[in-house]
Structures are given as structure tokens and as C-alpha cells.
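Trainee: Structure provided below as C-alpha cells; questions to follow.
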Amino acid sequence: MAKVALQLPSPPKSQFTVLEGNGKVSLIDTNGHSQEQLPNVTYSVVHTIPGRLRFRLPRLRCDADYAKRLEVLLTADALVKNVRVKPAAMSVAVTYKSDKISDAKMRSHLHDLIQAASVVVVLKNSTSLSETEKEASWPGLQLSAVATTLAVLGGPLGLPIPPLIVVLPIAIATLPVIQRAWEGIRVERKLNIDFLDLMAISITTFQGQFLTPSLMLGLIEVGENIRDRTARSSAQQTLDLLSSLGQFVWVERNGEKVQIPIQDVQRGDTVIVYPGEQVPVDGSILRGKALLDEQKLTGESMPVLKKTGQPVFASTLVREGRIYILAEWVGNDTRAGQSIKLMQEAPVHDTRIENYAIKFAQKAVVPTLLLGGAVFAATRNPSRAASVLTLDFATGIRVSVPTTVLAALTYAARRGILIRSGRALEQLAEVDTIVFDKTGTLTKGEVDVVSVESLNPATSRLRVLELAAAAEQRLTHPVAEAIVRYAQAEQVEILPRSKWDYQLGLGVQALIDEETVYVGSDRFLRTSGVDMAALNGQQKSPNSAIYVASNGQLQGIIKYSDLLRPESREVIKALSTVEGVEIHMLTGDNKRTATAVAAELGILPTHTHAEAFPEQKATVVRQLHEQGKIVAFVGDGINDSPALAYADVSVSFANGSEIARETADLVLMQNDLHGLLEAIAIARQAKQLIRQNTALVAFPNLAAMAIAVFFGLNPLAATVVNNGSTVVAGVNGLRPILKNRQHKALPSAR
């Protein structure tokens, strides 16, 4: 019997458990009492067949946490076979084991879960180590700590500890160093930092100075562990389009509707897609019509009405209507699949931070070895040679650089900015070209009302809005939702609607206050017999518009648009003031719309790229890269994923498509472009700290090395200087999280 821990979000902080078994899921608190008093969540059943129910749940659109909790509860249920939660369409589709429970009982059971999801919070219960944790489980740090303790007890404290007992943990802890040194010789054909460390550890260990190698190994292990934590896997995660579309698809075969696994859909099948579901194939509509949201694929913010004979594409969302599709392309052969394939073919970069400090330390290896050899040849004193080898820059840099990176990544995460790797942080500090997608990135990606105008002197502007909101209430079309939101913001009363008739893609007719009201397109009103003479030849403005009429007379016009994000102008202006930074905009929209938006934001026409499909977006990014630019790309849709993959730094939002989030090096968790400004400031501060740390490591070690060469220096004293400078540089690298302060604005963050 599986268990999932749940907790109330506010007092009383009772603990809940979801118990699966006996064909049901029960919510039980820690005292064993059944939970029956749950807040009411409004929903409706929009489609039902044996073994499958689909609900319309308005709360999904405005409460992402509730959507996640509901999905977890339904997935944990032993009776549920498959769950598809679509917040954008306010839809939940549940496929259940109809042979285990009756339809009526399952509906009642799902009602309980829908209500319960409003009061529970899922607590993660991880039972297995991740790959990174498994790699970090090597006991080198513990062994070096044991060796250090034994060396202190047997050295300064004079306890009779056999040397073999101290040497054994040192030898085992040195194995990773030996492996890396050997790989440097065998693969890279050069002596690396690890070889230098190995020589110093070996000489001091053979001389019986066990404290010196123990301390060195401890710092080496600290640096390696931190560096591993700041690295992202170099192998890109395989992104499967099918997994993002759901597990099952309805098809029509031999005149019957059957549900099959999505991977079993074949070309030539007739696929049925209902409201709230994603289209699983590329094909053409055989029957029906639907309002399709194609934003994540094409970047178009407004849904498109598709009818019989027109093409539809995988990953687009059916907002309204039902369509039968002839499957022509499936899986990775679809347009969305090709975008993912293009992304996966992008070059994979090294994921460990590479900068001038590491390269400088690497170049110092051979000179240090030669100097140590010269000292030994001149003095025949292995201790003096060991001191020279100990006083390298490698240990300090290997600890301080990744410490600085980890501190910066941690601080960024606290600020709602997820930077996935040290390499991304390094590249972000060097970015000189930033390319923005338009829809959903610079704009909100959703429709907003721009203005409400009265075209009848006897009708006020608020009356026009009142009639429109009343007619459009509870419709799922984005324009309808925008009008209702605007009316609520204007504190306009939403009047009751009696008889109503919604015509997909045209408009709605409703009876309000004993008036017959029409809200919709110009064509809809004309075909409904409305006198449109009040337009006086007016045409649609650059903003789209719908019209409001009552009792056969035109009353007003409501203009709407995909508005800019509130912060877009400010962010673009801040980036434009930074010397040497170019701002580009990419969009699939037509040139006129793209130019208008670019002009509003102050982006140059030569840096505005319109009518760009996914492969063209990737081409623009590649061309900028080939010009020597360090490019950051900001986008949120499936159509942006190839460009994200080819950019030096890819940026997306927490509410972007799953594929865009997985592709991105940097995710803005608060869905605010200000996070990009702050991320760049954090990256540049980290770069500045790394330069400081290099100086903090280099100067003391150079001074001590001069003493060791000309006058002699005990290896333990050399270790103290080396380790001391390492600790100071490491603490300096922690400044981003030690100081709780705001970052300066971007122009002064350089």
C-alpha cells in the first residue's frame, strides 16, 4: 500500500496520509479521523464515457498550486489509470479502472479528491539518491578528515599511532587524484594540476609528514565536491514529445471510438480531440471545428479557428470544439517533434566552469615542477622541493572558484533565479547580445482589453462593457475571459444571462435585461441583422476588436491586444544602456506587428527578425554566435527550444513550456524579466570575486615560494600558507550569501 505524505498549509497543522487500497483513496489525519469538512471547489462534468471523465475546473486557471496538488492526488489514486490536467483550458481528464468501480461511485470519489486538493500540500519523500548524490558519496573527504586527526594525534600530540594506520586513509583518499592525473597524461597528453598535487602528496607522505598531505587532500576534496555540485550533466536529457502530450489518445476505428496508447497511433488513423486536450499528431481535420491555441508552437497569442480540411499540429491545445483528425505525421515526425530534434542536435558544451583562473593554474603546473626539480637538484633536500610543489595556485583556485560559483548559484536561487550550472553563470557574465522572443516573453502572451468605446450617444461606455461581460461570462475563449477580467477590474456588475447561443469562432447571442445582445466579430453582427452604420467607415485599429450590439443596434466596440509585460520597457532600456550589449527580437508574427512592438520597446529595426519559424530562430542565433557574439536567448515555447539550445545562455520562465524549461540554462521562477537583470548582475559579481580570489591565492603563494626557493621553508609551513590563502579566498567567494543585500542596477554591476 503506497503512501503520500500531505500537510495542511495553515493551522491546525495536521498531518494527512493518502492511503491506497481496497479500491479507494482515503484522507486520514494523524489522529485517525476522517476529513469531511472541506472547502467547496466549483466544477462541472463536460464529458463522460465508461472509464473516463472530464471536468471543467475554473480554479485551475488562477491557482497553479491547486492544479499541482490535484494532479498528485489523482495520480496517487490506485483506481486512476491516467490523468491529464490542463490549467489553460481549465480541464481535468481522468481515465479510471471501470472494472473496479462503478461510474457513479467513481464520480463521487473524484468529487472528494477535487475538494481535498484545496487543503493539502504534498511533501516530497525521496527514497533514492540522485546521480549527483551518488557521485558525491565517495568518502574522500571523510578519509582525509580521519587521516588529519590521526596525523595530529601521532604528531604534535605524540600518541603512539603506527604510521601504516595513518598512511592507509591517505592512500585511499589519493586514489581519485591518481585517476585524474593518469587521465590527464593518457587522454590530454599533459601533466595537469592533479599530477602536481600527487607529487606533493607522495613526497610528504614518504617523508612521514602526514599532516601536510592530509590537509591538502581535505581541501582538494572540498573543491571537487563543490565543483561537481555546480556542474550540469553534459549529456542532454532526452526530451520526448509524446511524454508531454499524455499517455492515451482517442481514435475512431471500424466506426467505434477506442482509446489507445499515444505511441500506437499510426499514420492514417482518425484521431479525436476534445476540449482541453492537446492535439497529438500533425494532420488535417476530417470533421468538426475547434478553437486551437497554437501559442507554444507558433508564438501566436490568439487562438485560431480551424475547420474541416484545415491543418492542425501536435502540441496545440483545443480550447473549444471537437475535431476528428486524419493523422498524417506522428511522434518526432511532427512539426513540434522536428523542433525538438533540432534542439537535440545542438552542440553540447562542457559543463564545468572554465575561466582564466583555472587555465592560469593549469599553465603553472610544468614551471612549478621544473622549479621543484631545480631546488632538489641544487639542495638535495626533498623537503624544500616538496614545499615548492605544495605552494601552487591549483588548490586555492580549485576551492575558491567553485565556492564562488556555488555561492552565486545559491544566492540566485534565493532570489527566484534558477541557474543550472557554473558554465551558464560564467557565460552570463560575458553576454554581449540578448535575443528575445516576443510572444509570452516581451508580451504577456494573453489577451487584455485595451479600450471600450461607445458608438451610441445613448449608451455609456460602462453599459457597453456591462452587456459584453454579461454575454461572455463563463466562456473559455481568451477574449471572453479578458472582457470579464476587465469588467471586474472596473467594478462593473456582471448581469445574469438567460438564453444564450455561442457560435464557435464568431460570437455569442444572449438575452440580458430583456435585451437581445450580440457580442462578436463584424461578420457575426452583420449576419445577425445588426445595423453597423454607426461604424461610419471605421476599420479595425492595429489592435483587434469585437463589437457589442443590442436589439439590432450597434452599441460599442472593445479593442484588445497581447500587451507588453509591465517590466519589458524598463528591462530593455536598462540593457540598452550597457555598453556593447545588442538587443534583438525574434518572432513568428508578421513584419508590421513585429516592427510596431520593437519601436515601442526601442529595439532597432535591423535587430528585429519577423516571421521566424523554429529553425529560422536557431539560424539567427547561430549566425550571431559565428560573428563572435556571446548570445543569450530568452523564450518560453516549444518553437523557441532550438534557439534556446544553440544560444550560449538560454533563459526561460517557470510557466514556459516543459521543453523550454528543460532546455534553458537559466529559469526565471517569478516569471519576471527583472530576474534577467539581476542574474547578469550576480554573474558579473561572481566573475569579479573570482578575480579577487585569484589574487588572494597568487600573492601569498608567490611570496612563500620565493622564500622556499632561496631560504627554505618547512612543508607544513608551506601547507599553512597555501591552505590559509585558500580558506581566505573561499570565504571571500561566499560573500554573495554571507551578505544579505540587494544587487546594484545592471549598468553599475560591471
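The values are calculated or read from the model by the stated rules, or taken from the named source; none is laboratory data. These figures come from a predicted structure and were not determined experimentally. Virtual Cβ from ideal backbone geometry, glycine too; neighbours counted across all protein chains shown.
Trainee: Say whether the condition of being within 21 Å of the chain's Cα centre (by Cα), over 23 Å from ILE417 (Cβ atoms), in contact (Cβ under 8 Å) with a residue 12 or more places away in the chain and not in a loop (DSSP other than H, G, I, E, B) is met by at least one residue in segment 617-626. If you could, list the steps in order and put the result at the bottom.
Mentor: Taking segment 617-626 and keeping what is within 21 Å of the chain's Cα centre (by Cα), we get 617-618, 621.
Subsequent filtering for residues that are over 23 Å from ILE417 (Cβ atoms) retains 617-618.
Next cut, in contact (Cβ under 8 Å) with a residue 12 or more places away in the chain only: 617-618.
In the following step, the residues that additionally are not in a loop (DSSP other than H, G, I, E, B) were identified as 617-618.
Yes, the conditions are met somewhere in segment 617-626.
Trainee: Give the number of residues within segment 642-689 that are part of a helix (DSSP H, G or I) and either in contact with a helix residue (DSSP H, G or I) (Cβ under 8 Å, 6 or more places away or on another chain) or not assigned by TED's automatic domain parsing to the domain that holds ILE397 (or both). Outline the logic, then answer.
Mentor: Within segment 642-689, the first condition is being part of a helix (DSSP H, G or I), and the residues that meet it are 642-646, 658-663, 674-689.
So of that shortlist, the ones also either in contact with a helix residue (DSSP H, G or I) (Cβ under 8 Å, 6 or more places away or on another chain) or not assigned by TED's automatic domain parsing to the domain that holds ILE397 (or both) come out as 642-646, 658-663, 674-687, 689.
Total satisfying the criteria: 26.
Trainee: Residue pairs, Cβ under 7 Å, 6 or more apart or interchain, first in segment 96-112 and hydrophobic (A, V, I, L, M, F, W, C), second surrounded by fewer than 16 Cβ atoms within 10 Å (Cβ to Cβ) and in a loop (DSSP other than H, G, I, E, B). List them.
Mentor: From residues that are hydrophobic (A, V, I, L, M, F, W, C), the pairs are ILE101/GLY23.
Trainee: Just the residues that are crowded, with 21+ Cβ neighbours inside 10 Å and either of a type in the set (Asp, Glu) or touching a Pro at 6+ places or on another chain (Cβ under 8 Å) (or both), please, taken from segment 606-620.
Mentor: Across segment 606-620, the qualifying residues are PRO614, LYS617, ALA618.
Trainee: List the strands (runs of 3 or more DSSP E) inside segment 497-609, counting only whole elements, that have at least 2 residues being within 30 Å of ILE638 (Cβ to Cβ).
Mentor: Numbers: elements: 500-503, 507-512, 515-520, 544-550, 553-564, 582-586.
In segment 497-609, the matching strands (runs of 3 or more DSSP E) lie at 544-550, 553-564, 582-586.
Trainee: Conditions: (1) over 25 Å from ILE630 (Cβ atoms); (2) touching a strand residue (DSSP E or B) at 6+ places or on another chain (Cβ under 9 Å); (3) not basic (Lys, Arg). GLY396 meets all but one. Number of the miss?
Mentor: Among (1) over 25 Å from ILE630 (Cβ atoms); (2) touching a strand residue (DSSP E or B) at 6+ places or on another chain (Cβ under 9 Å); (3) not basic (Lys, Arg), the lone unmet condition for GLY396 is (2).
Trainee: Taking the conditions exactly as written (of a type in the set (Val, Ile, Thr) and either assigned by TED's automatic domain parsing to the domain that holds SER544 or under 19 Å from SER650 (Cα atoms) (or both)), does VAL597 satisfy them or not?
Mentor: no
Trainee: Do you know which of the residues in segment 705-730 that are among the β-branched types (Val, Ile, Thr) and surrounded by 24 or more Cβ atoms within 10 Å (Cβ to Cβ) is nearest to ARG384 (Cα to Cα)? Walk me through how you get there before you give the answer.
Mentor: Going residue by residue through segment 705-730, those that are among the β-branched types (Val, Ile, Thr) are 707, 709, 719-721, 726-728.
Of the ones still in play, those that are also surrounded by 24 or more Cβ atoms within 10 Å (Cβ to Cβ) are 719, 726.
Numbers: THR719: 12, THR726: 21 Å.
Filtering first and then ranking leaves THR719.
Trainee: Please determine, by comparing only the residues of segment 588-616 that are modelled with pLDDT of 85 or more and among the hydroxyl-bearing types (Ser, Thr, Tyr), which one is nearest to the chain's Cα centre (by Cα).
Mentor: Among those that are modelled with pLDDT of 85 or more and among the hydroxyl-bearing types (Ser, Thr, Tyr), it is THR608.
Trainee: Give me the pairs, please: first residue somewhere in segment 362-386 and among the basic types (Lys, Arg), second residue anywhere and buried (at least 18 other Cβ atoms within 10 Å of the Cβ) and modelled with pLDDT of 80 or more, beta-carbon distance under 6 Å, and either six or more positions apart or on two chains.
Mentor: Partner pairs satisfying both residue conditions: ARG384/VAL375.
Trainee: Looking at segment 460-479 only, could you name the residues that are without any contact (Cβ under 8 Å) to a residue 12 or more places away in the chain and assigned to a helix (DSSP H, G or I)?
Mentor: Once the filter is applied, which keeps residues that are without any contact (Cβ under 8 Å) to a residue 12 or more places away in the chain and assigned to a helix (DSSP H, G or I), segment 460-479 yields nothing.
Trainee: Additional query: Residues being modelled with pLDDT of 90 or more and in contact with an Asp or Glu (Cβ under 8 Å, 6 or more places away or on another chain): count how many of those fall in segment 495-517.
Mentor: 4
Trainee: Given (1) touching an Asp or Glu at 6+ places or on another chain (Cβ under 6 Å); (2) free of Cβ contacts under 8 Å to residues at least 24 places away in the same chain; (3) surrounded by fewer than 24 Cβ atoms within 10 Å (Cβ to Cβ), identify the lone condition not met by SER652.
Mentor: (3)
Trainee: Are any residues in segment 414-432 assigned to a helix (DSSP H, G or I) and under 29 Å from LEU624 (Cα atoms), and if so, which ones?
Mentor: Narrowing segment 414-432 to residues assigned to a helix (DSSP H, G or I): 414, 422-430.
Answer for segment 414-432, where residues must be assigned to a helix (DSSP H, G or I) and under 29 Å from LEU624 (Cα atoms): GLY422, ARG423, ALA424, LEU425, GLU426, GLN427, LEU428, ALA429, GLU430.
Yes/no per residue for (1) of a type in the set (Asp, Glu); (2) over 30 Å from MET585 (Cα atoms); (3) outside the structural domain of LEU60 (by TED's automatic domain parsing); (4) under 28 Å from the mean Cα position of the chain (by Cα):
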position	(1), (2), (3), (4)
SER454	no, yes, yes, no
LEU465	no, yes, yes, no
GLU472	yes, yes, yes, no
PRO478	no, no, yes, yes
ILE494	no, yes, yes, no
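Trainee: Another question, if that's okay. Which ones in segment 305-326 are surrounded by fewer than 17 Cβ atoms within 10 Å (Cβ to Cβ) and over 17 Å from GLU252 (Cα atoms)?
Mentor: The answer is LEU305, LYS307, GLY309, GLN310, PRO311.
Trainee: For GLY276, are the conditions met, namely being modelled with pLDDT of 90 or more, surrounded by 20 or more Cβ atoms within 10 Å (Cβ to Cβ) and in contact with a Leu (Cβ under 8 Å, 6 or more places away or on another chain)? Lay out the reasoning, then the answer.
Mentor: Values: modelled with pLDDT of 90 or more: no; surrounded by 20 or more Cβ atoms within 10 Å (Cβ to Cβ): yes; in contact with a Leu (Cβ under 8 Å, 6 or more places away or on another chain): yes.
No: the conditions fail for GLY276.
Trainee: Which of the residues belonging to segment 66-109 are crowded, with 16+ Cβ neighbours inside 10 Å, among the β-branched types (Val, Ile, Thr) and closer than 28 Å to ARG319 by Cβ?
Mentor: Across segment 66-109, the qualifying residues are VAL72, VAL80, VAL83, VAL85, VAL92, VAL94, THR95.
Trainee: What's the number of the only condition in (1) part of a strand (DSSP E or B); (2) at pLDDT below 80 that LEU38 fails to meet?
Mentor: Condition (1) is where LEU38 drops out.
Trainee: Now, a different point. Does VAL401 count as within 17 Å of ARG735 (Cβ to Cβ) and either surrounded by 22 or more Cβ atoms within 10 Å (Cβ to Cβ) or not assigned by TED's automatic domain parsing to the domain that holds ALA632 (or both)? Please lay out each step first, then the result.
Mentor: Values: within 17 Å of ARG735 (Cβ to Cβ): yes; either surrounded by 22 or more Cβ atoms within 10 Å (Cβ to Cβ) or not assigned by TED's automatic domain parsing to the domain that holds ALA632 (or both): yes.
When the stated conditions are applied, VAL401 passes them.
Trainee: Right, next: Modelled with pLDDT of 90 or more and in a helix (DSSP H, G or I): is that true of ALA487 in this structure? Before the answer, list the steps.
Mentor: Working: modelled with pLDDT of 90 or more: yes; in a helix (DSSP H, G or I): yes.
Here the answer is yes, as ALA487 does meet what is asked.
Trainee: Now, a different point. Give all pairs with beta carbons closer than 7 Å in which a residue from segment 71-89 that is in the same structural domain as ARG59 (by TED's automatic domain parsing) meets a residue that is among the acidic types (Asp, Glu) and surrounded by fewer than 19 Cβ atoms within 10 Å (Cβ to Cβ); count only pairs at least 6 apart in sequence or on separate chains.
Mentor: ALA76/GLU20; ASP77/GLU20; ALA78/GLU20; VAL83/GLU71; VAL85/GLU71
Trainee: Next up: Of all residues in segment 579-635, how many are on the phi > 0 side of the Ramachandran plot and of a type in the set (A, V, I, L, M)?
Mentor: First pass over segment 579-635, keeping only residues on the phi > 0 side of the Ramachandran plot: 580, 602, 611, 628.
Now restrict to residues that are of a type in the set (A, V, I, L, M): none.
Here the count works out to 0.
Trainee: Select from segment 373-393 the residues that are over 20 Å from PHE210 (Cα atoms) and buried (at least 21 other Cβ atoms within 10 Å of the Cβ) and write down the one among them that is modelled with the lowest pLDDT. It would help to see each step written out before you state the result.
Mentor: First, the residues of segment 373-393 that are over 20 Å from PHE210 (Cα atoms): 373-380, 393.
Next, from what is left, pick out any that are buried (at least 21 other Cβ atoms within 10 Å of the Cβ): 375, 393.
Values: VAL375: 82, PHE393: 67.
Among those that are over 20 Å from PHE210 (Cα atoms) and buried (at least 21 other Cβ atoms within 10 Å of the Cβ), it is PHE393.
Trainee: Assigned to a helix (DSSP H, G or I) and within 24 Å of the chain's Cα centre (by Cα) - does that describe any residue in segment 393-402?
Mentor: Just the residues of segment 393-402 that are assigned to a helix (DSSP H, G or I), to begin with: 394-402.
Imposing the further condition that a residue be within 24 Å of the chain's Cα centre (by Cα) reduces the set to 402.
The answer is yes; a qualifying residue exists.
Trainee: Specify the residue that is farthest from the chain's Cα centre (by Cα); the eligible residues are those in segment 61-98 that are at pLDDT below 80 and among the acidic types (Asp, Glu).
Mentor: Among those that are at pLDDT below 80 and among the acidic types (Asp, Glu), it is ASP63.
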